[in-house]
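Step one of this worksheet: look at the structure below.
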Number of protein chains: 4
Amino acid sequence: MAGNTFGRILRLTTFGESHGAAIGGILDGCPAGIPIDEENIQRELDLRKPGQGLAGTARRESDTLHLLSGVFEGLSEGTPIAFYIANEDQRSRDYGNLSDVFRPGHADFSYFCKYGGIRDYRGGGRSSGRETAARVAGGAIAKKILAVEAGGEITAACVELGGIAAQKIDLAGAQGRPYFAADPEIVDSWNEAVRKAKGEADTLGGLVLLRAAHVPSGLGEPVFDKLDAVIAHALMGVGAVKGVEIGDGFAAARAGGASNNDVLLPGGKFASNHAGGIAGGISTGQDILARVAVRPIASIPRLQQTIDRRGERAEVLVGGRHDLSAIPRIVPVLSAMLALALADALLLQKRMQKSQCAIPWQEERPRNGG
Amino acid sequence: MAGNTFGRILRLTTFGESHGAAIGGILDGCPAGIPIDEENIQRELDLRKPGQGLAGTARRESDTLHLLSGVFEGLSEGTPIAFYIANEDQRSRDYGNLSDVFRPGHADFSYFCKYGGIRDYRGGGRSSGRETAARVAGGAIAKKILAVEAGGEITAACVELGGIAAQKIDLAGAQGRPYFAADPEIVDSWNEAVRKAKGEADTLGGLVLLRAAHVPSGLGEPVFDKLDAVIAHALMGVGAVKGVEIGDGFAAARAGGASNNDVLLPGGKFASNHAGGIAGGISTGQDILARVAVRPIASIPRLQQTIDRRGERAEVLVGGRHDLSAIPRIVPVLSAMLALALADALLLQKRMQKSQCAIPWQEERPRNGG
Amino acid sequence: MAGNTFGRILRLTTFGESHGAAIGGILDGCPAGIPIDEENIQRELDLRKPGQGLAGTARRESDTLHLLSGVFEGLSEGTPIAFYIANEDQRSRDYGNLSDVFRPGHADFSYFCKYGGIRDYRGGGRSSGRETAARVAGGAIAKKILAVEAGGEITAACVELGGIAAQKIDLAGAQGRPYFAADPEIVDSWNEAVRKAKGEADTLGGLVLLRAAHVPSGLGEPVFDKLDAVIAHALMGVGAVKGVEIGDGFAAARAGGASNNDVLLPGGKFASNHAGGIAGGISTGQDILARVAVRPIASIPRLQQTIDRRGERAEVLVGGRHDLSAIPRIVPVLSAMLALALADALLLQKRMQKSQCAIPWQEERPRNGG
Amino acid sequence: MAGNTFGRILRLTTFGESHGAAIGGILDGCPAGIPIDEENIQRELDLRKPGQGLAGTARRESDTLHLLSGVFEGLSEGTPIAFYIANEDQRSRDYGNLSDVFRPGHADFSYFCKYGGIRDYRGGGRSSGRETAARVAGGAIAKKILAVEAGGEITAACVELGGIAAQKIDLAGAQGRPYFAADPEIVDSWNEAVRKAKGEADTLGGLVLLRAAHVPSGLGEPVFDKLDAVIAHALMGVGAVKGVEIGDGFAAARAGGASNNDVLLPGGKFASNHAGGIAGGISTGQDILARVAVRPIASIPRLQQTIDRRGERAEVLVGGRHDLSAIPRIVPVLSAMLALALADALLLQKRMQKSQCAIPWQEERPRNGG
């Protein structure tokens, strides 16, 4: 209930402060017999490591994953999969001056209120972006479950940075590009925007597009736990995210019903995908499409007005080593959260249905259909 | 786990198909001693009743609430509060022709897949907007809890309809206006847009703005259950919602950190509220601000191409009586969901810290602070 | 979290005070396509109705079940199944004298403490045995799920009353006998014990034996949610239950390992069932066996010493109409709770492993076994 | 849902196989500001270490606890407290011969069924008693929460071993005695029983008594999550436990209501405690009393008949190093589970009540009582 667990059947519980001994988590509910490939998890972790390209922090972490349980002879055992990543390059001294003041745009003040005055001021403690490494590790296993159980696959890309939008969307190649850019030709302008922001001691935000392909129809629950509601929960729960839309999203609010409806075609295909692969909160079998708004980093290298723990006026110069934008490092984190949400929905659906079929006419009727 | 329950401490479980005997719910976890006023709940229900203004359906329901438990001598007992609303004006015959075909833009096909071919084709069954009446009833009690325990208050308004945006935002007066319009002077243009859409056998979407005032700081949990994540879950789980943003939302993705940070002022106030009252997923004590994108109604009065339950080509003319837009009726529903999310977060936060204080310097230190 | 919901996948949430308008519940998570037979539910309800035999209260309730949702054309829809039972014969006046005093052995005092002084004094309110009718209704559907999905069947009987133990155990015929007696020849001595207790203005307790047959192997979760732990939770949560044992239970504590081990026989059978069908918290495919200790009814027809709501000395004579023993009426309630626990475990286990098989060698290997 | 998490507000999630890299857990929901004393946790762990007295295994583990997160400057931060214990002395070779056969009385066969044929045969993997070390670590923090927030204290003792019952019950001194014996004079007879069992290549079971003192009234939830139901869940979820009783337990089933009722005395005290401190599922403020039946260890040093993974007849001689009885090592584990159940109920109750008072007349009325 303290919000460090995500999922219903596939449950990821994470731990760790940015400047404590380690961060990590326990993934519970993974079916037995899923091939778990430590290198594969490490590969996903490396995608969010600090120090990539112009927008990255100078903090260096090897982010080496240590698996502690749940895997035997290369297969998941069906038992909890625990892992941790040691914090190596902490330099807490950078934060000594922050023990008494609240950094604007950070969680310092709200945590101070929440925990009755007790606060880990070292780099934000639990509110640090470092916490997301554990999500990426859990998400890597979730992606494997999606692939093994349903052939599902998730791709993600940055489609806008500092207000400069990608002109074309090529998700397939994004992982190899700087900023995980959806458009190879936009990278130069984004580099320019980053340089400009650096010069102005400012930071940048952007937009991320996520796509999940080969997701079976029938995932999601009616009413409160619609698949899009759970996805929004998963994505909005990542620090710096301020907006989530599914399919056409806010644009759909301006369209008419006649143009917004996705017409069904023989065999259960569709003529369009304005809905983003979800109708009435349940997956249709089309690609799941989500777009996420990422606000600029709050740690700007300037002297800022603020208050101290007595509520009195103060000034703060945020030290430490910070990214200039949550992009690109947030991209693999959002991709991991989508994977966790979908793998959980997939495992849950398997329990809600007497037959296992995705589309009834494709398979035998439920054996006890009445 | 089947997604018909919302909340952790304050839990609303709803039931009912649009054309079954009744809809209703059980609100569990309401503290003892909250004054429960049946008229007050009914008043909230009346706000979403069909048949208000140009955009409304012709279906008539008295939506009379029946309380079955949990209230004694005018106060909540701390036990489950159960209620139901009878379905009176069902006219299922309108739907007989829908038993074999899937309506475009509706949940017909995805439910068919989810439930192994079993589907309540009468007006969408569980996926009908009628289900939301139970949310409004639960939300009315949640609003009372917010008011009694923290003085919290929620207001909501439509800020855009059919692509026509309100020019000024006056939330206070919205409840009394057609479409719960944020701007009294926009109503004529919206009426015009509705008439035009009717003429074209089309439907409309829009945008809703929500504000929660007097919300204590410290609500929300770190990591996965950030307050904004839970709010996004609550709002995206309402049918027809395709996007949610908190504070500046998507606009924040285009701003720089220097302008996006909300500077703290002495006493725990802020110079601005770009964050929408939430920092690091925890409430700051400022107004909570959320904006919601509502897609157009899928039931358009035209012959549409689709497929039948054998997966073969078919045509459908959606009968029944439908709204032309989910606005205005969705506004009290979204307001109820925000209330449920916040009241639950409030009850969960109660004593998460050992002291009761919102801002520690305002009250005594925790009695067992170590 | 307020404890009015039982189950993880199959979730029963109940409501109702003994002297409010109605009691009932919502069963969520029932798979689609289960034949729901209203008469069958009513038949189970009739088994716990007041007024059966010597030990019963004089209160009369028709206990007529009203189904409100979740069933369409004779099959479950996969949506919440809501039901209620009106309270007809309340006679609250019997309880007027109890508004200020706490009845010994009842929940009056502990509820008073829990709810900050607010208490429904009419017949115990939420703590009344009347609440169990909703469990029986939910359990009737759980039994149907067990039967349809796995062929499972539950039988229950009273094996001891007022310290007089049944000499032989015939579970099959128990349902037809007074007291649901396991032994037809014990009934006369139990009648005699009841008469004697009546004469002494006293009440009786007893022991109940439960058996679940044809439960698949593999149900239950390791560690905290072992199948026996969940069953103990389910049974101990019924009012008046003070002890639960699985298989040989307390007798096993006195046995040696050599005699207590159940030897496996070819094909996955066993030479004995000391374990009660559960090893390491997971079902083995043998009969699940549980025994429950039921304390005597606390409402004795005598003047008793107690205190009032100011904490001062008082006397109380408990009026109302009360059973002399929780047996036999508790028997169908315990049977319902066991059914809910097992059906939930069955739905949770469904596809926890990638193959569907109960015993792997009986079926093909998991399709993605690595 | 996979059963590796216990609790609602205070949630312990554990991981680890007996012969994997490590075991450990995450305790989430601990309030901020609780003094966490690593030595204190280690002390509790040392109580269950192997190699104590006649009944213990020869396996040696230092069981050194490593705290990874959630504690800063000696106080809990309100964030997840993660810890692990490395597996040092594994000697998996002892188990090579068990990869194909199922040990009688163990979870080998039921796990094999549950996980579709995938099984960690090294010492029982997840079903090993070694898993309980993580419970003891979590329980140590739960005991601190109980002490700091309510002054609560838990004591436990073995009251019967091999059928030989303690003649007097002295809980206070038990922790210092062999077998955590309730009676100092019984130790010799128990030593004798252990020698005898060893000589006969047999193992022993016993009974454990638990007492929680200074538990506030009002803990526990009505209906399904009664405090005794949650305690039974917690205790029955420990391996080898086959029975749980609260207060007089099975003896209460033979008593009359007149003698079984606990009469209330002025000020909220009681003349007796047959109920074991729980009435109607809610704590009364008296001592919580529970008794647990522990079956004999299944690993007997004899050749046993069984079957192999093809379902065919086989023989097995269980090697490895095993205790002769789960007592005494299970005693601190049961004590930890009771602490986790009570601390969780305490933190949950703080959210369910508008006032914080234990007994209303002792404190001010709820501030919003109507």
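When segment A:287-317 is filtered for residues that are closer than 30 Å to A:Ala232 by Cβ and open to solvent by less than 30 Å² (accessible area, probe 1.4 Å), the ones remaining, listed by number, are A:Ile288, A:Ala290, A:Val292, A:Ala293, A:Val294, A:Pro296, A:Ala298, A:Ser299, A:Ile300.
Which of the residues belonging to segment B:64-89 are among the β-branched types (Val, Ile, Thr) and either at the interface with chain C (Cβ under 9 Å from one of its Cβ atoms) or assigned to a loop (DSSP other than H, G, I, E, B) (or both)? Within segment B:64-89, B:Thr64, B:Val71, B:Thr79, B:Ile81 qualify. If you filter segment B:100-116 down to residues that are free of Cβ contacts under 8 Å to residues at least 24 places away in the same chain and open to solvent by 10 Å² or more (accessible area, probe 1.4 Å), you find that the one that is farthest from the other protein chains (Cβ to nearest Cβ) is B:Tyr111.
With respect to (1) modelled with pLDDT under 95; (2) open to solvent by less than 10 Å² (accessible area, probe 1.4 Å); (3) within 13 Å of chain B (Cβ to nearest Cβ); (4) under 25 Å from D:Ile81 (Cα atoms), the lone exception for A:Met1 is condition (2). Those residues that are surrounded by fewer than 24 Cβ atoms within 10 Å (Cβ to Cβ) and among the small types (Gly, Ala, Ser), I need them from segment A:260-286; list them, please. Listed by number, the residues that qualify are A:Gly267, A:Gly268, A:Ala271, A:Ser272, A:Gly285.
Within the option set A:Ala201, A:Ala172, being without any contact (Cβ under 8 Å) to a residue 24 or more places away in the chain, part of a loop (DSSP other than H, G, I, E, B), open to solvent by 10 Å² or more (accessible area, probe 1.4 Å) and among the small types (Gly, Ala, Ser) holds for one residue only, A:Ala172.
Of the residues making up segment B:151-165, those that are more than 13 Å from chain A (Cβ to nearest Cβ) and of a type in the set (A, V, I, L, M, F, W, C) are B:Ile154, B:Ala156, B:Ala157.
Can you pull out every residue in segment C:4-43 that is within 7 Å of another protein chain (Cβ to nearest Cβ), closer than 21 Å to C:Ala147 by Cα and assigned to a loop (DSSP other than H, G, I, E, B)? Those that are within 7 Å of another protein chain (Cβ to nearest Cβ), closer than 21 Å to C:Ala147 by Cα and assigned to a loop (DSSP other than H, G, I, E, B): C:Arg8, C:Ile9, C:Gly29, C:Pro31, C:Ala32, C:Gly33. Filtered by the rule that a residue be within 7 Å of another protein chain (Cβ to nearest Cβ) and modelled with pLDDT of 90 or more, segment C:127-136 gives a lone residue, C:Glu131. Filter segment C:204-240 for residues that are of a type in the set (A, V, I, L, M), more than 21 Å from D:Thr132 (Cβ to Cβ) and touching an Asp or Glu at 6+ places or on another chain (Cβ under 8 Å); which is surrounded by the fewest Cβ atoms within 10 Å (Cβ to Cβ)? Of everything passing the filter in segment C:204-240, C:Ala213 is surrounded by the fewest Cβ atoms within 10 Å (Cβ to Cβ). Is it the case, given these coordinates, that B:Ile41 is of a type outside the set (D, E, K, R), modelled with pLDDT of 85 or more and under 30 Å from B:Leu204 (Cβ atoms)? Yes, satisfied.
One residue stands out among those in segment B:117-163 that are over 19 Å from C:Ser69 (Cβ atoms) and more than 19 Å from the chain's Cα centre (by Cα): the one that is surrounded by the most Cβ atoms within 10 Å (Cβ to Cβ), which is B:Gly162. The set of residues from segment B:6-51 being of a type in the set (Val, Ile, Thr) and free of Cβ contacts under 8 Å to residues at least 24 places away in the same chain comprises just one member, B:Thr13.
The values are calculated or read from the model by the stated rules, or taken from the named source; none is laboratory data. The model shown is predicted, which means the values in this text are computed figures rather than measured ones. Ideal geometry is used to build each Cβ from the backbone, glycine not excepted, and the neighbour counts take in all protein chains shown. Areas reflect the complete protein model, heavy atoms only, side chains present, ligands, DNA and RNA absent. Shrake-Rupley method; radii C 1.70, N 1.55, O 1.52, S 1.80 Å.
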